[in-house]
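Quick one: the structure is below, questions incoming.
The values are calculated or read from the model by the stated rules, or taken from the named source; none is laboratory data. Keep in mind that what you see is a predicted model, and the values were worked out from it rather than measured. Virtual Cβ from ideal backbone geometry, glycine too; neighbours counted across all protein chains shown. When the accessible area is computed, the model is the full protein with side chains, heavy atoms only, and any ligands, DNA or RNA have been set aside. Shrake-Rupley method; radii C 1.70, N 1.55, O 1.52, S 1.80 Å.
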Amino acid sequence: MKTTLNLSRFFKACNPSKTLVMGDVADRQYYIDFSDVRGCKIVEELQRTITRISPDEPTCQLFTGHIGCGKSTELQRLKSELELAGFHVVYFESSQDLDMADIDISDILLSVARQVSISLEEIGIRLQPGYFANLFKEIGDVLQMPITEVEFSMGIAKIGAKAKDSPQMRNQLRQYLEPRTNSILQAINEEVLQKAVQLLKQRGQKGLVVIVDNLDRVDMRPLASGRSQPEYLFIDRGEQLRRLNCHLVYTIPLALIFSKEYAALKNRLGGGISPKVLPMVQVRQRDGGDHEPGMSLLRQLLLTRAFPELSPHERLKLLPELFDSQETLDRLCRISGGHIRNLLGLLYSCLQRQDPPFCRDCLEAVIKDYRDDLLLAINQEEWELLYEVVHKQTLKGETEYQRLLRSMFVFEYRDRQGRWFGISPALAETEKIISWKRHHVAEKALSDSLANHPIAKNYTF
């Protein structure tokens with residue numbers, strides 16, 4: 001029986017903003033394991049820390065990477081595998097609960113407590129922490145908003161919703177909660193988390209894991225103290241965040257990896273363990289050539305979106321259903337730089353222009369628009385930084401991160417030699433980069449020629 005492309009299903013599967021939920025059978029068939037071509041096995045390391053190294057003692061692990069590089073999908077895979085190992089896992093996207101532009105430590109703590117409570121209620125475990133009944137009453141008095149006889153999770157949600165809508169009310173709430181942070185933390189541990197772990201183990205489960213996604217999206221804005229919001233939350237208050245009495249996985253902003261206070265972050269929030277960084281899928285080598293294993297898996301990612309029920313070999317046979325040639329497919333994979341959301345975004349733009357099979361002209365028009373959008377945002381100083389990245393394949397610190405990595409002008413890769421950085425393939429094709437390379441090669445050739453000249457050999461330079 002001839003396999004045909006289901007266009008409606010293909011359109012939905014190519015949505016670049018969709019996170020694959022590994023517990024969903026329909027989503028799971030689209031998953032491609034890129035760990036071998038990312039240069040690291042992060043999910044296995046996070047899972048092993050919880051299940052093998054410290055199953056009965058709380059752990060706090062940090063996870064980061066480019067926005068859109070696949071962190072949420074990998075965390076969904078971690079959730080699925082931990083559940084298979086016998087743990088109760090609470091995964092939630094903090095951006096749905098919190099205002100990423102304005103977060104305090106109490107917001108995160110209460111959000112964790114609420115999500116744990118909701119998750120337990122779904123399996124028939126209802127907690128009624130006495131401390132919070134009194135706290136809600138006092139908060140209701142302060143905010144002139146009565147909170148009586150509500151479920152624990154609903155009480156937190158009601159307070160959070162009011163505070164989110166009103167900056168003035170948010171400030172009032174924080175002034176009240178800040179001096180009580182340690183008491184709130186103690187109550188969450190004793191009346192929520194420890195109680196939850198006890199009840200879960202009575203049901204035969206091994207413990208509780210909380211995965212807090214999207215905290216890497218916390219706004220970088222400076223606070224009145226002069227610290228950035230991420231520095232305040234994850235470094236200054238990191239010790240409190242790690243004191244929650246269960247297994248924790250936090251996503252954190254990639255910028256902190258390049259901060260001068262990286263060691264403080266690692267020690268205070270990570271407990272001495274370095275954050276796990278999810279790099280790009282390696283589609284190219286340091287010398288600019290294709291990295292065939294990475295290219296092969298990216299081809300499969302796109303073909304799987306069209307033919308999830310088929311084997312990799314069978315999908316390749318149906319490549320003409322999607323592209324006019326393998327060269328067009330490979331061009332799309334290369335230009336993405338190994339950034340998953342970038343790849344799907346470019347494919348989606350092709351879908352907005354025509355139905356498959358996509359012709360080369362359609363793809364080139366999409367690439368041109370993508371490149372033009374990048375070029376609009378680059379100033380001369382940033383071009384100089386980009387030339388340095390092309391030359392040295394390194395980044396120096398937080399300032400360069402902010403200007404190059406966060407804007408997706410530069411991508412991070414890992415190979416056997418370690419970490420390296422490459423500029424976006426779309427930018428590598430610009431006249432500025434091509435001219436700079438030509439000039440750089442000519443200068444090097446002249447320098448080598450002079451150094452090897454018979455007269456020059458008699459002198460020490």
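Looking only at residues in the stretch 8-26 that are open to solvent by less than 60 Å² (accessible area, probe 1.4 Å) and at pLDDT 90 or above, which one is farthest from residue 418 (Cα to Cα)?
Here the answer is 10.
Confirm whether residue 40 is closer than 29 Å to residue 415 by Cβ, open to solvent by 10 Å² or more (accessible area, probe 1.4 Å) and in a loop (DSSP other than H, G, I, E, B).
yes
Can you tell me how many residues in the stretch 310-356 are of a type in the set (Asp, Glu) and either in a helix (DSSP H, G or I) or closer than 15 Å to residue 32 by Cβ (or both)?
4
In the stretch 210-224, what count of residues is obtained for those that are part of a loop (DSSP other than H, G, I, E, B) and either within 17 Å of residue 110 (Cα to Cα) or in contact with a helix residue (DSSP H, G or I) (Cβ under 7 Å, 6 or more places away or on another chain) (or both)?
6
Within the stretch 400-459, work out how many residues are modelled with pLDDT of 90 or more, among the small types (Gly, Ala, Ser) and assigned to a helix (DSSP H, G or I).
Summing the residues that are modelled with pLDDT of 90 or more, among the small types (Gly, Ala, Ser) and assigned to a helix (DSSP H, G or I) in the stretch 400-459 gives 2.
If the Cβ limit is 8 Å and pairs must be 6+ apart or interchain, which residue in the stretch 361-374 that is in contact (Cβ under 8 Å) with a residue 12 or more places away in the chain pairs with which residue that is acidic (Asp, Glu) and surrounded by fewer than 17 Cβ atoms within 10 Å (Cβ to Cβ)?
So the pair list comes out as 371/429.
Return yes or no: is residue 254 open to solvent by less than 50 Å² (accessible area, probe 1.4 Å), closer than 29 Å to residue 128 by Cβ and in contact with a helix residue (DSSP H, G or I) (Cβ under 9 Å, 6 or more places away or on another chain)?
no
Here's another thing I want to ask about it. Specify the residue that is surrounded by the fewest Cβ atoms within 10 Å (Cβ to Cβ); the eligible residues are those in the stretch 401-437 that are of a type in the set (Phe, Trp, Tyr) and under 19 Å from residue 377 (Cβ atoms).
Once the filter is applied, the top-ranked residue is 436.
Look through 87, 92 and report the one residue that is farther than 15 Å from residue 191 by Cα, touching a His at 6+ places or on another chain (Cβ under 8 Å) and open to solvent by less than 20 Å² (accessible area, probe 1.4 Å).
The unique qualifying residue is 87.
Residue 394 is checked against (1) β-branched (Val, Ile, Thr); (2) open to solvent by 20 Å² or more (accessible area, probe 1.4 Å); (3) in a helix (DSSP H, G or I) and fails just one. What number does that condition carry?
Tallying (1) β-branched (Val, Ile, Thr); (2) open to solvent by 20 Å² or more (accessible area, probe 1.4 Å); (3) in a helix (DSSP H, G or I), residue 394 fails exactly one: (3).
Report, by residue number, each residue of the stretch 233-257 that is within 20 Å of the chain's Cα centre (by Cα) and assigned to a helix (DSSP H, G or I).
233, 234, 235, 238, 241, 254, 255, 256, 257
Which ones in the stretch 274-297 are touching a residue at least 12 places away in the same chain (Cβ under 8 Å) and either assigned to a helix (DSSP H, G or I) or closer than 14 Å to residue 35 by Cβ (or both)?
276, 277, 278, 279, 280, 281, 282, 293, 294, 295, 297
Got at least one residue in the stretch 12-19 being over 27 Å from residue 312 (Cα atoms) and either under 17 Å from the mean Cα position of the chain (by Cα) or assigned to a strand (DSSP E or B) (or both)?
No, the conditions are met nowhere in the stretch 12-19.
Based on what the data block shows, is residue 98 out of contact with any strand residue (DSSP E or B) (no Cβ under 9 Å at 6 or more places or on another chain) and closer than 22 Å to residue 237 by Cα?
When the stated conditions are applied, residue 98 passes them.
Having 1 or more residues that are over 30 Å from residue 341 (Cα atoms) and at pLDDT below 95 is the bar; report the helices (runs of 4 or more DSSP H) wholly within the stretch 46-154 that clear it.
Helices (runs of 4 or more DSSP H) meeting the threshold: 105-122, 130-143.
While we're looking at this one, here's another question. Considering each of 331, 299, 341 in turn, give the residue that is of a type outside the set (A, V, I, L, M), closer than 27 Å to residue 415 by Cβ and modelled with pLDDT under 95.
Only one candidate qualifies: 341.
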